[in-house]
Every structure is written in structure tokens, then in C-alpha cells.
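To start, the structure itself, in C-alpha cells.
Read-outs: derived from the displayed coordinates by stated rules, not from any lab. Everything numeric here is computed off the predicted structure, so don't read it as measured data. All Cβ positions, even for glycine, are placed from backbone atoms using ideal geometry, and neighbour counts span all protein chains on display.
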Amino acid sequence: MSSLKKFLHAKNYSSIKMTVTSTGHHQCVAKINGVEGSFIVDTGASSSCIDFKSADHFELLSENSDVRAAGAGATNMLTKSSADNKIQIGEWQQSNMTLVLFDLSHVNSALEEHDSECVHGIIGADLLRKSKAVIDYKSNRLFLKNKSL
């Protein structure tokens with residue numbers, strides 16, 4: 001076991017294995033409201049997001065939002081907001097998370113063009129900050145701080 005992994009484990013962090021797509025993105029599995037999905041880990045995304053097409057998959061209740069999204073070459077995109085969601089990544093979990101819903105077809109098209117699997121959403125900086133995330137690029141691991149009991 002690497003010294004970083006040992007150190008973070010001793011500090012009550014969970015370790016999540018990420019895969020690297022052919023586009024160089026880090027991808028992991030997460031559960032939203034108990035339903036499993038595939039997500040890109042994106043430190044540059046301010047919010048964690050779900051594709052409109054995946055809202056039913058995760059049983060999300062949403063409402064229209066005045067906020068416009070931008071990213072990955074797309075701008076001024078309509079969004080919805082979904083509050084009070086439970087997210088689990090490995091052993092780490094958080095209740096009462098608000099997620100942004102918007103059209104991720106441009107992201108999934110780019111992934112498909114490079115023979116990578118489509119994703120249901122993006123794990124963004126909001127969740128990474130909240131979980132005091134550490135990314136080990138050498139081992140392709142995401143470490144998230146568990147809540148103290």
C-alpha cells in the first residue's frame with residue numbers, strides 16, 4: 001500500500017478507484033439515491049451535474065433554474081436543479097446534495113467519438129470540496145474524507 005493511501009486511510013478517507021478514459025478523463029462509479037451510474041471527475045466543473053436524460057434513472061425531482069451552464073465548448077445552456085439527493089461514492093456518502101441537471105450530450109458525443117463510454121454526469125468541485133477530496137493521479141485513486149462518527 002502506498003504511503004499516501006496509508007496516510008489518508010488513517011485520516012478516515014475512503015479510496016475509490018478511477019479509470020482513465022481514452023480522452024484522458026478520470027471516471028468513477030457513484031450512486032445517486034441508491035442508483036448506480038458512471039461519472040467524470042472534473043475539478044474544473046463548479047457543480048456536480050446529471051444529464052437531463054438520466055434524471056429518471058436516478059429518480060430525481062427537479063425544478064427549473066435561472067442559472068445558465070457553460071462548459072466543454074457549450075455556453076448559455078438551460079439547467080434544472082434537484083435538491084435533497086443522497087450521493088455515495090465508495091464508502092463516502094452525503095445526503096441533502098443539490099445537483100444541477102443539464103444537457104450533457106456534447107460531453108457524451110466527445111466521449112463516443114473516442115470510443116469511451118458515455119457518462120450519467122459529472123462529479124464537480126462542490127462535492128470534491130465538501131469531501132476534502134485528494135486525487136492521486138499516479139494510482140488513479142480518488143480519496144474522500146468520511147464523516148466522523
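A few notes on this one:
- Efficiency of FRET between residue 86 and residue 137 - r from beta-carbon atoms, R0 25 angstrom, step 0.05: 0.30
- Whole-number percent relative contact order across the chain, with pairs defined as alpha carbons under 8 Å at least 6 apart: 31
- Neighbours of residue 31 by Cβ distance under 13 Å: Lys/Arg scored +1, Asp/Glu scored -1, total -2.
- Ordering 29, 123, 139 by the projection of their Cα atoms onto the charge dipole of the chain, which places +1 on the Cβ of Lys and Arg and -1 on the Cβ of Asp and Glu, puts 139 at the extreme positive end.
- The length gained by stretching the chain between residue 103 and residue 20 to full extension, at 0.36 nm per residue less their Cα-Cα distance, is 27.6 nm.
- Cβ-based net charge around residue 12, under 9 Å, with every Lys or Arg adding one and every Asp or Glu removing one: +3
- Scaled against the 2.2 N^0.38 Å expected of a compact globular protein of N residues, the Cα radius of gyration of segment 96-149 reads 1.43.
- Here the average projected area of the convex hull drawn through the C-alpha atoms of the chain stands at 8.9 nm².
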